[in-house]
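Encoded as structure tokens, the structure appears first; notes follow it.
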Amino acid sequence: MRMREKIVTAVCRTVDGIEWTTVKVGQDGVEPVQKESLPMTFSGETAEELMASIELPEEISERIKGDISVPLRTADLLMRVMELPSTQADEIRDMTALQVDKISPFPADQIAFSHEILRQTDETSLVLLAAAKRCCIDAIGDAFKKKGVRIHSIDSRIQGWLQLLQDKRLVAQEGCEIIIINDGIDFSLVVVDDGTPIAFRMLHTEPDEMLMVDDLAVEIDYTLTTLDTERDLSAPSTAQFWSHSNLSANVRARFTEKSGLKMTSSLLDTLPPLSEGILQRALEGHSRIELIPTEWIEHEKKKQLKKATIRTSAMVLGAWLVIVLIFFTIYQIRNIHLASVKKKADAIAPEAAQALENRQKLKALKGYTDRSDSALECLREITRLLPIGDIEFVSYNYDKNKGVSIRGTAGNDQQVDDYFVALANSPLFERLKDQSMSTKTTKGVRRTVFSATLTLPSEEDGK
């Protein structure tokens, strides 16, 4: 069975607009479809505001297709990495639900949460717990819904950037490393241990770069101190800083002076667009955070079920109408054919009646003139075929319709067998049936008693 094609699209905010990447997933793998972007006017809003707080372009509903994924900023997420003593999916889900109640400052009915397994051993799982306020998620859903677009998945921007860095092999797979990403929408810090993120922090931008690096140094020191109390962590030696503009040598030197870490500055523009990272995560089958509310999924399932029911009903009704039409057409054709045949039958009825009468006369005449299978001819044939030896008849019965029945005795079984074979091969009789043999001893004399019926050819066979 051929796999059904599926369209998947990841949509991300940029500083000056919105960009997306679309692929087609089918039997032959993943096929790129498009990478596009649209500018947007923010009407005085800052770039740090939510995607939901802006007016999406009108034409976006015509441009993006398939299952839509959008990411949230770290500022809109509560993210915690914890080690849980289980590798069972249902147990991990239950334990993360308990942890949400402990770390979330909001009531459970006001948040949506999910988890992602970052790393597993035989007994434990390193799990990322992510939660977001429902009002934030609902606002994003409403912003797209106004343009006729339904969101299928909600992910994290920082995880999308990490996916791109991992794909480019720009994340150290051994030791501890600090990664800072400032894309103009999100400003986040990630601590990575042996290639796996173990801490996520939201950062605040400062207009002055020197003040920013001072705050970065303080935040890194605090984060590492907190992690040291939880796990045996090697000290990092470098920090990667990714943004849309390079930091000056003076700023990097100031950071090294304050933190003791060497800083490298790289441009995000050298990486693929963020939507590719979000899309890659959406396509991969492993566990990942999914913040779409359950009621959205249930609503869509009901909607799709309703569509499927209507479509199926329409197909059944259409098929029924086609079948009825076919039977009606066949019925009309047969009626026309029957009327034609009846007309022809009525036309030849007199000739047919005369032919039937002639046939009956011929049959009667044949019965009088044709003596080839008469009682006498049959008797002559069965006596002619008698084998040499001690064999004789006891009775002979002739019936034109039923055939000839014979009974007799013989000196031994072999004589009867030979006689039956000869009768079966006779051209006068149609077939031999009901033949039987038994042994009878009278006054000390042992005889084989036999009987058989010979059928005559039917009248139709002689036509």
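Tabulated values for the structure
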read-out	value
Strands (runs of 3 or more DSSP E) contained in segment 392-463 and holding at least 3 residues farther than 20 Å from residue 381 by Cα and at pLDDT below 90	431-442, 445-455
In segment 396-419, residue nearest to the chain's Cα centre (by Cα) [restricted to those that are without any contact (Cβ under 8 Å) to a residue 40 or more places away in the chain and surrounded by 15 or more Cβ atoms within 10 Å (Cβ to Cβ)]	417
Qualifying residue in segment 286-300 (condition: at pLDDT 85 or above, within 22 Å of the chain's Cα centre (by Cα) and assigned to a helix (DSSP H, G or I))	no
Unique match (being surrounded by fewer than 16 Cβ atoms within 10 Å (Cβ to Cβ) and within 23 Å of residue 22 (Cβ to Cβ)) among 83, 91, 55	55
Answer from 213, 149, 192, 171 - the residue that is part of a strand (DSSP E or B), surrounded by 16 or more Cβ atoms within 10 Å (Cβ to Cβ) and touching a helix residue (DSSP H, G or I) at 6+ places or on another chain (Cβ under 9 Å)	192
Residue that is modelled with the lowest pLDDT [pool: residues in segment 12-21 that are surrounded by fewer than 23 Cβ atoms within 10 Å (Cβ to Cβ) and in contact with a strand residue (DSSP E or B) (Cβ under 9 Å, 6 or more places away or on another chain)]	16
Qualifying residue in segment 82-91 (condition: of a type outside the set (A, V, I, L, M) and part of a helix (DSSP H, G or I))	yes
Segment 219-247 - residue that is without any contact (Cβ under 8 Å) to a residue 40 or more places away in the chain and in contact with a helix residue (DSSP H, G or I) (Cβ under 8 Å, 6 or more places away or on another chain) and, of those, surrounded by the most Cβ atoms within 10 Å (Cβ to Cβ)	247
Breaking point among (1) touching a Pro at 6+ places or on another chain (Cβ under 9 Å); (2) farther than 19 Å from residue 13 by Cα; (3) modelled with pLDDT of 90 or more, for residue 126	(1)
Complete set of residues in segment 22-59 that are at pLDDT below 70, of a type in the set (Gly, Ala, Ser) and not in a loop (DSSP other than H, G, I, E, B)	52, 53
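The values are calculated or read from the model by the stated rules, or taken from the named source; none is laboratory data. None of these values were measured; they are calculated from a predicted model. Glycine gets a Cβ as well: all are built from the backbone with ideal geometry, and neighbour counts include every protein chain shown.
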